[in-house]
Structure formats: structure tokens, C-alpha cells
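Just so it is clear, none of the values below were taken in a lab; they were calculated from the coordinates. This structure is a prediction, so every number in the text was calculated from the model and none was measured. Don't worry about glycine lacking a Cβ; one is built from the backbone with ideal geometry, like all the others, and counts go over all protein chains shown.
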Amino acid sequence: MQFDLVITGGTIATASDTFAADIGITGGKIAALGTGLQGADTIDAAGKLVLPGGIEAHCHIAQESATGGMTADDYRSGSISAAFGGNSSFVPFAAQHRGMGVTETLDLYDSRAEGASVIDYGYHLIIADPTENALRDELPAAFARGVTSFKVFMTYDLMKIDDGQFLDILSTARDHGALTMVHAENSGIIRWITDRLMAGGHTAPRYHAISHPAAAEAEAINRAITLARFVDAPLMIVHVSTPEGADLVARARLEGAKIFGETCAQYLMLTRDDLDRPGMEGAKFMCSPPLRDRATQDALWRHLQVGTFSVFSSDHAPYRFDDSGKLAKGPDAPFKVIANGMPGIALRLPMLFSEGVAKGRLTINQFVALTATNQAKLFGMHPTKGTIAIGSDGDIAIWDPTKTRTVTLADQHDNMDYTPFEGMELTGWPVTVLSRGERIVDAGELVAKPGRGRFIKRAPADFTGYPGSHTPELDPTLNFGADIARGRRT
Ligand code: DUC
Ligand code: ZN
Ligand code: ZN
Ligand code: ZN
């Protein structure tokens, strides 16, 4: 039997196992794992690691902020940069803004992604306007088209939902097996400090970090977890940036709640000292939640090691250091009007490999789980995506674990004019990236056409093994609990 493509001689690693085998791919799918396989085409992976292609589950692509600014990367440049970084799929956000319908939002993002992406893609739906119609009709329609995860905001005046709206969204999502994600920061604390900093003339980028204290994150994570457990709904806390927040996630998981955590590369690789750079340079390092300190980095590593976090992301939010992005409100605008976010989609995997695997903090299997397999499972793509198994898509990244390279902007292949990680030396890089058995990046070159990427119609996640919670007031046998739990306002 001859396969379309055989990858020979490499060391395969999945989220559970590491083993030597050839991989036979036919029709874009993994058809065999074995020895001595023959193919019409061959990739020699001797001395290399053969991993599931990365899945970037947190990035902002062709997304306008609530105040109108557009990310520098679209589905073409964003997917190319992701592919160079070892990813074969990504799930950016489709952002509803107030006054927009959910279906209208998803149609808009379809038009942005179709014909542009080089890798397969889906969207998490950002809900900023949970109208009756959205909850009753449009969210079920979103599930039906394969959008099985949502994100909500507890901060930002134009995006945030209140606790009652949060309960509506959580319980609607729960009924469909969808996963809600939350940006958890207390908006009152942030506004209160920001007003005082501004009144005192403290407007430089460094005050951004001061205006978003750890307490704001911890309070909001605690409230979000409380609300999710109240209605027994699954919830992922995204971009956890503090030990306090991570501890809350760990505690809830220990108690059996369907609570999941994500952290992002910048919180492990950078500190808020970078915000002190001269002039406006610090704006390049502004993200929300903000960068913290060294002790926080150590605590977040520990939480990655012990499994508090299921997902490791880039939170690629590319705003250029010019008047289209960070400086849109002027060359010395106060921190509170500067776009939040930094790029890094091509570096998520190399940074976690170099700092995690190469330095002995994580096993290669933990690396695969944190960068691909857990994303596939939680976001309804497993086992088609996120693993190397017979029947799975031929989404594979072949890594040279010994190659050392210095980070440069040119190597990002994005539309940005800076990288916050410039000059870092990293060991371990992807050399060939496949999507459905096709080479998309090979030896430093893009070898596939934008537009080949397909929409991933995602399934509900499987929450087997999480006992969840029981709220006596919502018991279906008491107090009209079934009606209340279903969201009917009787
Ligand atoms: N939240 C994100 O997830 N990314 C960028 C900025 C933000 O507030
Ligand atoms: Zn938005
Ligand atoms: Zn966020
Ligand atoms: Zn984000």
C-alpha cells in the first residue's frame, strides 16, 4: 500500500505518548502509524520531533475593537504568521458589538476568513449584546453552524455584560454543551484607579499596569466562577495573569467544577518593567490584563506544570506602533485610550518549547496538551484535530528540538512593525508544518496558498468526569426550579 505522504524516522509525541514511528497520510488524513511505510512523497524526520500541529485558541484577527480600531492582521497575514509558528488551526474571535445581531456577526467573519486563511479556522463568538432574540434564537443557530464557544467581558464599557446577563449566557451555553470564556477583571476597580491616576497627571504607559491591579482580576475570577457554578455551567477563565487568579481556578477544579484556565506567553516571558521604557515605547507592552512581575511568572509556571491551566495561548492582538494602532489617539495619548494587546502568534509554541521543554519545566507531552490537544477537546475539534492518531487530520508540525534562533520581526511574517519578544534566543523551532497532509510551511518558506484553510464546524465539548455542582434553589423538583434553570422568567 502506498500512502500519499509518509513522514519517516521521527519521534512522535502526543499528549500521552512518545514513540518512534512512520506516519502514512492519505486523502489528508492519518491512515497508518508503523514502520517501513511507503509513500508517493516522503519527509525525512530523523532527529526531529513530530507533533500535532498547534491550535491557537486565543487570537484577534481582522477584529475591530468596540472603539473602532482594527487589528493589523487579517485572516491572510494572521494565519500565515500562525503557520510559521507551528500552528495548523486557529480559533480567533468573531466580535459582536452592541446593536449587531449574532448571525450578522458570524456572517461578517465568514466573509473575512473565506478565501484568506492558510490554515483551518473557527471562531469564538464574543457576546456584547445578549438580547432576548440572541439568547432564544441566535445562539442556538450559532451552535448549529459549529460555533460552540463564546467569550464575554466583565470590563470595558462598550463590551461588558452584567451578572444577570452573564447567567443568561452561561445557562444557554450549558444547555447546548458550549463553553463560555470570560475576560475577568473588575471594571469598577479599574475605573476608580484610572480616574485618580489621570487626575494626578499620571498618563504614561506604565500606569496601565497600576490601573489593572491583581485584586481586580481576582475579584472578577471569583465572581465568574461563582456564577458559573451557580448554574452548573462550564467556564474558561482566559488570560489568567496572577497567582491569586490561578489559585481560584485550581481550587474550583479541585472541587469538581467545570472551570478551565488559560494563560498566555507574555505573562511568562515579560514583566511590567517593560512598560517603563522611554517615551511611548512602553505602549508596545500594554495588554490587558497587564504584565506583572517575576514572582508571578514563577507561580504561573507552577500552575502550568500541575495542570491548573488547560490552554496556553498567545492572545495575539496586533496593534501597530503607529497611528493605525497604539498611537491612533495621538503621539502621547494617555494610557487609558491606547489599544490593549500585543502580537505573538508565531512565537507561542517556540517560547513554550524553549522555556518549558528545553529547560526541563514541562514534558513534551504536557507541551502538546497545552498547545493543541486540550484546545481540540475543549473546543469540540477532537480527535479530528489536536492529536496524531489514525483517522485524524494530517495536521502535523515537525520540530528541530536543537535549533537555536534569535527572535526578529522579519521572522514573524505578520503585519506588525514590532515584536515585544525581539532579541530573545529560543531553542526548538518548527521546520515543516502540515495541514490536512499538505505542506504549508517548509524550511522557512510559505508553500501553500491563502484561502486553502477551511472553516471547522465544531462539536460540543465533552465534560465527562466533572461532577459539577448543585444549587438547591434551582432544583427542578422545587421552587419551579426547572423553569428558572431554563431561563424562563415566570
Ligand atoms: N482582552 C483580550 O483577550 N485580548 C486583548 C485585550 C483584552 O482586553
Ligand atoms: Zn469587540
Ligand atoms: Zn480579554
Ligand atoms: Zn485576547
Isotropic mean projected area of the C-alpha convex hull, the chain (nm²): 22.2
Packing-based ranking, highest mean first, of 363-371, 428-436, 342-350 given that Cβ atoms within 10 Å are counted: 342-350, 428-436, 363-371
Simple label model, 7 Å out from Cα along Cβ direction - ASP157 to LYS359, nm: 4.1
Ordering of 377-385, 124-132, 451-459, 100-108 by packing [mean C-beta count within 10 Å, highest first]: 377-385, 124-132, 451-459, 100-108
Likely footprinting exposure, LYS48, LYS403, fewest C-beta neighbours within 10 Å first: LYS403, LYS48
Kirkwood Rh and Cα Rg combined as Rg over Rh, evaluated for segment 396-466: 1.09
Share antiparallel - DSSP beta bridges, segment 53-378, percent rounded to 5: 5
Computed lengthening from GLN2 to LEU108, 0.36 nm per intervening residue step minus Cα-Cα distance: 33.9 nm
Residues of type lysines that LYS403 reaches as a straight line, Cα spacing below 21 Å, ignoring anything fewer than 8 places off in the same chain: LYS48, LYS359
Kirkwood Rh and Cα Rg combined as Rg over Rh, evaluated for segment 311-374: 1.19
Rel. contact order, % - alpha carbon contacts under 8 angstrom, at least six apart, segment 368-442: 28
Å³ per residue enclosed by the Cα convex hull of segment 115-228: 147
Of LYS151/LYS457; LYS151/LYS336; LYS326/LYS457; LYS284/LYS329, pairs whose Cα-Cα distance is over 24 Å: LYS326/LYS457
Convex hull volume per residue in cubic angstrom - Cα atoms of segment 1-87: 120
Along principal axes, Cα extents of segment 354-427, largest first, whole Å: 39, 32, 20
Extension gain (nm, one decimal) between LEU33 and ALA410, 0.36 nm per residue minus Cα-Cα: 132.1 nm
Segment ARG454-ARG294, extension gain: residue separation times 0.36 nm, minus the distance between their alpha carbons: 53.6 nm
The chain, relative contact order in percent, only Cα pairs under 8 angstrom and at least six apart counted: 21
Computed FRET value (nearest 0.05) for THR464 with ALA215, which takes r as the C-beta separation and R₀ as 35 Å: 0.50
Segment 167-270, relative contact order in percent, only Cα pairs under 8 angstrom and at least six apart counted: 31
